[in-house]
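Remarks on the structure that follows.
What follows draws every value from the coordinates through simple rules; no lab data is involved. Worth saying up front: this structure is predicted, and the values here are computed from it rather than measured.
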Amino acid sequence: RQLMEADIRQLINHERGFKSFERISDFRFVPKPFEVGGDDEYLQTLEEHLPLLIHEIKPELILYNAGVDILEGDDVGTLQISLEGCRKRDELVYKNAASNGIPAVTTMGGGYQKNLTPILQAHESTILEACKWEPLMKKLS
C-alpha cells in the first residue's frame with residue numbers, strides 16, 4: 001500500500017518504512033528556493049509537479065499538512081503567499097487527490113505572525129475548501 005504525505009514547501013523526496021505501508025513518499029515541495037515568493041510562481045510549480053508526483057508514486061492516501069506559514073507577513077515563512085493563493089493551493093491538492101481517486105487527510109499547521117486573523121482565515125479557508133470536496137472524498141473511502 002502506498003501513502004503520500006504532502007507538505008508543500010520544500011522538495012525533498014525520500015522513502016521510509018511505515019508499518020503496513022510498503023512505502024511512504026514524503027513530498028516536500030518547492031523545487032528551488034523562492035527568494036521573492038508570490039502566488040503565481042508557487043501555484044504554477046505546484047500545478048505542474050503535484051500531478052506528476054501522484055502519477056509516479058500512486059499513493060493510496062494523501063496526508064496533507066495545510067501549513068499557513070506560507071502567508072504574507074509570516075514571521076518564519078518566506079513565500080509571501082496571499083490568502084487567495086493559499087486557498088488555491090488547497091483546491092489544487094484536493095482536486096488532484098479526488099481526480100485520482102485518492103482520499104486525503106488534512107492537518108493544520110504553521111502560521112507564525114503576531115496578528116492571528118490571517119492565520120485563522122487561512123485555516124478556515126482550508127476547512128471550507130475541504131468541505132467542497134467532501135462528497136467526492138466520501139465516495140473514495
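Some observations on this one:
- Residues whose placed amide H lies under 5 Å from that of LEU63, excluding near-sequence neighbours: MET4, GLU5, ALA6, VAL105
- The slack in the chain from VAL105 to LEU136, taken as 0.36 nm per residue of separation less the alpha-carbon distance, amounts to 9.8 nm.
- Over 18 Å apart at the Cα level, from the set LYS88/LYS138; LYS95/LYS138; LYS88/LYS139, are LYS88/LYS138; LYS88/LYS139.
- The Cα atoms of region 91-132 cover 39, 16, 13 Å along the three principal axes, with the biggest extent listed first.
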